[in-house]
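**Q** Pasting a structure below so you can have a look.
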Amino acid sequence: MTLPAGQYRPAGSPHAGLPMTYILNRLLSVTLTLFLITLVTFAVTNILPGDVAMMIMGTQSNPEALTGLRESLGLNDPLLVQYGHWVGGMVSGNWGDSLIFKKPILGLLGQKIVASAIIVVLSMAIALALAVPLGVWAAVHRDKWQDNVSSSAALLGVSLPDFFWGIVMILVFARWLGWFPSSGFVEPSVDPLGALQRAFLPSLALGLGLMAHLTRMTRSTMTGILSQEFIRVARAKGLAERTVIWRYALANAIGPVITIAGLQIGYLFGSIIVMESLFGYTGMGWLTYQALLNRDLPLIQDTVFVIAAVVMLTNLAVDLLYVVIDPRIRLG
Amino acid sequence: MKDIVSVDHLRVEFATDSGPVVGVEDVSFTIAPGETLCVVGESGSGKSVTSLSLMRLVEFGGGAITAGALNFVRADGSTLDVAAAPPEIMGQVRGNEIGMIFQEPMTALNPVFTIERQLTDGLMLHKGLNQPAATARALELLRSVRIPEPERRLKQYPHELSGGMRQRVVIAMAMACEPKLLIADEPTTALDVTIQAEILALINRLKRENGMAVLFITHDMAVVAQMADRVVVMYRGKIVETGTVQQIFEAPREDYTKSLLAAVPKLGEMKGKAAPERMRLIGDEAARATQTAPEPREPQVLLEVRNLTTRFPVKGGILRRTVAQVHAVEDVSFTLNVGETLALVGESGCGKSSCGRSILRLIEPASGEVWIAGRDIGALNRRDLRRARADMQMVFQDPFASLNPYRRLKAQVAEPLQNFGLASGAELEARVLQLFDKVQLPRDFMNRFPHELSGGQRQRVAIARALAVNPKLIVADEAVSALDVSVQAQVLNLMMDLQEDLGLSYLFISHDIAVVERVAHHVGVMYLGRIVEIGPRAAVFDNPTHPYTRSLLSAVPIADPRNRRFADDLNFKPITSPIFPLGHQPAPSLYDQIAPAHYVLRA
């Protein structure tokens, strides 16, 4: 026999764990994770072969000058001190200079993260806008032809690599139809529409790749929800079928879909490295690629940290959104 | 008076891969205004299909009405054939002129919408009310189903309400538009007996006040006896017999009805009988005709439980520390004799299952002693405990979940024998054969998989598996609760036969008090982790002394239409929380002896 929920809560606190507790809880764990990320990032970049001083001055440089530069960069300090400098610098807004771009990293990252945010948000929006209706459609017509069409479409999206879709987009929308520019980047602050136009094709290509998981997730959660008793109750109330599906059922099914979408943000930062390069779009992905290619260690270190932090914070946002969607989570 | 519903030769088919399967056929009945018609039958009888057809909800489960008419007299006096009604018309009828309540209150409400939203959306749709008017009506509805603090409930979400309250909300939802017909599909099957009594009384009152007709679907003959004006008995998609409730219970014509009624234990029928009795099964009288009362033997203690206490941590806060404890089992003591059955009864959450599991150390008790055949179970190390498990076995509630779907039954019954190194090779084969014989399963079932068996057959396999190691004690945790009544009677008889033949002792954990009255030698009533009353079965049933025992017994529906108990509103004391802060020291359980071996918890 199932225990009636609601009976097993400590006396005197009907809401054992209000949303605040939950949010604090999550913030604390995010802070802890960010700290671990700085540790890992710092460790990995310091294990990487290569010497920042040598990279700045070139391999043929004077050994004494190299030693001097090392000293002035603090490379001879104990690792713990170097780590302290790095984290302390980030906290105080001094993120150091990029070796290849000869510019302050903070400004560079700020600019590029906005550029990439457009692509990330746009591609996720496209993916969700396609995947949710397709998944719902498949779930409603489970085991009929619509279901097969939906899962084939989703499978097609995921089985071909992103850059292939990128090439198709360039061919179809830029070359043949001429609707969008095939490549390039403009500052959104200078030309917002132009920035969106240039972000659209890479976003569409990425969105098609993202769509598959989201469609399947929508389908499977919707299928589960549609077999629940409260759906039958909603129908028995005389509610229209579209209300039953798009309000009653989807409100319950959307949570896991958004969770998956949040996790995919992490993958997206991997995918934009290829996609931005393909479209000549100079965002975070392109910056990461340049940093890695040129062994720009300070830039690599900061870029990795920023990407990790963005992924973390996105997932935090998703978790908080979940609290809004599903009242049961508020119990913490 | 003109019938409000007349079902005429209804036939429903379900499309499957191997062609259409008939769900129900040739089903005809009528319901008059203000009348309660009970449709009763075991699983697969088609009773739910019939009710879903009246709402045209059967289509959403893959069914189709292929013949017959379902005439329903609408609010304006016109007659609508529901079977042929277009979807727009059905949208007006559903929830407006016909209300429906379902079995599972825990899942019948949408978890992400407030109670207010779920109560008002139907009102706004059907009655054209605006939000404030709908909310006012919702509040009125919550009052009429007697929910405590109705204003607060409106803003709450379903998970914040107990099962009984949720079912009241579901009923309020169904009643929202004052339907002329209420369909109740097993509305109390998932509820505790006191809550069931409250809900049945509530349905009776609402019916009386609104003059509506009720179509009541149930598998429980006792509930039928309490609720019905007329009864339709269904079996395998067809109607077996129709009649008034008195006719059906007192002069059933058909053999199926007779056997169904025979298998139902009636609370109170064991009055004045010393020993448990086998369940009545038509055609089974001969099987044990020679049965005589067993020789009264010197009672010999098998299981002794002293001051058993089990607690579960409640985790909370940022560090997931234990912030409180569920006092699941609180200072419980009893003994169980060789060859006897001690039943632990109580409602969900009372600790009866935790008690059974703590005895077997499937969960570790916090304190207390358990002695089985003179051995201190609590003191055993892991290896010795494993060996000791041969003496104590368990049969679980759900025969679908307790068997491995991927293994043949032979292997599953043989497994305990192999685990304990008791048999191998040809001997193992022979022992498994014997076990199948013992639980009266055909030998060729040995090579089958669980999904090929019915629920009752599976439970026999579970019993065979428990018997394999010749245990002295079997903890049967709601072991027959998931079974149809006739199958339940067969399995209970099997258990009683095995007890007589093998001298088994049962700790019989159950919420079904009528069954307990029939099978138990001793009864312990549990409430909030404690045994509030324990004694010989006759003493507890004939002279219930603790207030909780009394209210529990008064809530049990009796399978006799002349003994109706749920006319007026009932309000049982809700069970309080068994959660206490850390360091809470509960008082010890102290008992008054009011008769030989009959103890009652001191208040």
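Read-outs: derived from the displayed coordinates by stated rules, not from any lab. Please read these numbers as outputs of a predicted model, since none were measured by experiment. Note that we place each Cβ from the backbone using ideal geometry, even for glycine, and neighbour counts take in every protein chain shown.
**Q** Roughly what % of DSSP beta bridges within the protein assembly as shown run antiparallel, to the nearest 5?
**A** So the antiparallel bridges amount to about 60 percent of the total.
**Q** Pulled fully out, how much extra length does the chain show between A:W145 and A:K103, if you take 0.36 nm times their separation in residues and subtract their Cα-Cα distance?
**A** Using 0.36 nm per residue and subtracting the Cα-Cα distance, I get 9.4 nm.
**Q** Which translational diffusion coefficient, to the nearest whole µm²/s, is obtained for segment B:491-603 from the Stokes-Einstein equation, given a Kirkwood hydrodynamic radius over C-alpha pairs, 37 °C and 0.692 mPa s?
**A** In µm²/s, the coefficient is 201.
**Q** Given B:G421, B:M446, B:Q434, which one lies farthest toward the positive end of the charge dipole of segment B:403-460, if we put +1 on the Cβ of every Lys and Arg and -1 on the Cβ of every Asp and Glu?
**A** B:M446
**Q** Per q in 0.22, 0.24, 0.29 1/Å, what log10 I(q)/I(0) does a Debye calculation on the alpha-carbon atoms of segment B:146-213 return?
**A** -1.03, -1.18, -1.41
**Q** Roughly what would the spin-label model give for B:I282 and B:S78, points 7 Å off Cα along C-beta, in nm?
**A** That separation, rounded to one decimal, is 4.6 nm.
**Q** Please compute the net charge surrounding B:L125, taking Lys and Arg as +1 and Asp and Glu as -1 over other residues with Cβ under 14 Å from its Cβ.
**A** +4
**Q** Follow-up. For chain B, what is the percent of antiparallel DSSP beta bridges, rounded to the nearest 5?
**A** 60 percent
**Q** Next question. Per DSSP H run of n ≥ 4, the term is -39500 (n - 2.57); total these for chain B, divide by its residue number, and report the mean residue ellipticity at 222 nm rounded to 500 deg cm²/dmol.
**A** That calculation yields -9500 deg cm²/dmol at 222 nm.
**Q** Could you tell me the calculated FRET efficiency between B:R562 and B:E369, based on Cβ-Cβ distance and R0 = 45 angstrom, to the nearest 0.05?
**A** For B:R562 and B:E369, the calculated efficiency is 0.40.
**Q** Picking from A:T314, A:A205, A:S220, whose Cα lies most toward the positive end of the charge dipole for chain A (charges on Cβ: Lys, Arg +1; Asp, Glu -1)?
**A** A:S220
**Q** Can you find, among B:V5, B:S162, B:L181, the residue sitting farthest towards the positive end of the charge dipole of the protein assembly as shown, where Lys and Arg contribute +1 and Asp and Glu -1 at Cβ?
**A** Projecting each Cα onto the dipole axis, the largest value belongs to B:S162.
**Q** Quick check: convex hull of the Cα atoms in segment A:34-157, volume per residue, rounded to a whole Å³?
**A** Taking only Cα atoms, segment A:34-157 has a hull volume of 180 Å³ per residue.
**Q** Using only alpha carbon positions, build the gyration tensor of the protein assembly as shown, then give the equivalent ellipsoid semi-axes as the square roots of 5 times its eigenvalues, largest first, whole angstrom.
**A** For the protein assembly as shown, the ellipsoid semi-axes come out as 61, 39, 27 Å.
**Q** While we're looking at this one, here's another question. Grab the beta carbon distance between B:V469 and B:N71, set R0 = 60 Å, and tell me the FRET efficiency rounded to 0.05.
**A** 0.50
**Q** Additional query: Under a point-charge model restricted to the Cβ atoms of Lys and Arg (+1) and Asp and Glu (-1), what is the dipole moment magnitude of segment A:77-213 relative to its Cα centre, in debye to the nearest 20?
**A** Dipole magnitude for segment A:77-213 comes out near 180 debye.
**Q** Can you give the net charge of the other residues whose Cβ lies under 15 Å from the Cβ of A:K103, counting K and R as +1 and D and E as -1?
**A** -1
**Q** With a sphere of radius 14 Å drawn around the Cβ of A:L201, what net charge do the other residues whose Cβ falls strictly inside it have (Lys, Arg +1; Asp, Glu -1)?
**A** 0
**Q** Can you return the lysines within cross-link range of B:K238? Criterion is Cα-Cα under 30 Å, with same-chain partners fewer than 8 residues away left out.
**A** Cα-Cα hits under 30 Å: A:K237, B:K2, B:K47, B:K180, B:K207, B:K258, B:K266.
**Q** Rank by packing, highest mean first: peptides B:94-107, A:91-104, A:256-269, A:296-309, with packing defined as the count of other Cβ atoms within 10 Å averaged across residues.
**A** The most tightly packed comes first, giving B:94-107, A:296-309, A:256-269, A:91-104.
**Q** Can you list, largest first and rounded to whole Å, the semi-axes you get for chain A by taking the square root of 5 times each eigenvalue of its Cα gyration tensor?
**A** 44, 29, 15
**Q** May I pose another question? Near B:K438, which lysines are there with a Cα under 25 Å away, not counting those fewer than 8 places off in the same chain?
**A** B:K438 reaches B:K410, B:K472.
**Q** Let me ask something additional. As a test of understanding, state the convex hull volume per residue of chain B from its alpha carbons, in Å³.
**A** Normalising the Cα hull of chain B by residue number yields 183 Å³.
**Q** With a cap of 12 neighbouring Cβ atoms within 10 Å, and only residues DSSP puts in a loop, list the trypsin sites (Lys or Arg not before Pro) found in segment B:517-589.
**A** Answer in residue order: B:R562.
**Q** Calculated FRET efficiency, A:L160 and B:E415, Cβ-Cβ r, R0 41 Å, to nearest 0.05?
**A** Calculated transfer efficiency: 0.30.
**Q** While we're here: Only Lys, Arg, Asp and Glu count, each charged at its Cβ (+1, +1, -1, -1), so figure out the dipole size of the protein assembly as shown about its Cα centre, rounded to 20 debye.
**A** Charge dipole, the protein assembly as shown, about its Cα centre: 720 debye, nearest 20.
**Q** Placing one identical point scatterer on every Cα of segment B:322-396 and ignoring solvent, what is log10 I(q)/I(0) from the Debye formula at q = 0.16 Å⁻¹?
**A** Debye output, listed in q order: -0.65.
**Q** Still on this structure: Post the alpha-carbon centroid distance, segment B:109-130 to segment B:351-414, in whole angstrom.
**A** 47 Å
**Q** Among all helices in chain A defined by DSSP H, which have a length of 18 Å or more along the axis from Cα atoms plus a Kyte-Doolittle mean of at least -0.5?
**A** Flagged H segments are A:19-47, A:79-92, A:105-140, A:145-159, A:192-226, A:250-278, A:297-325.
**Q** Let me ask something else. Find how much the distance from A:L32 to A:V323 grows on full extension, using 0.36 nm per residue of separation minus their present alpha carbon separation; answer in nm with one decimal.
**A** 102.6 nm
**Q** Could you work out how much longer the chain between A:I47 and A:V114 gets when fully extended? Use 0.36 nm per residue separation minus the Cα distance between them, nm to one decimal.
**A** Working it through step by step, the gained length comes to 21.1 nm.
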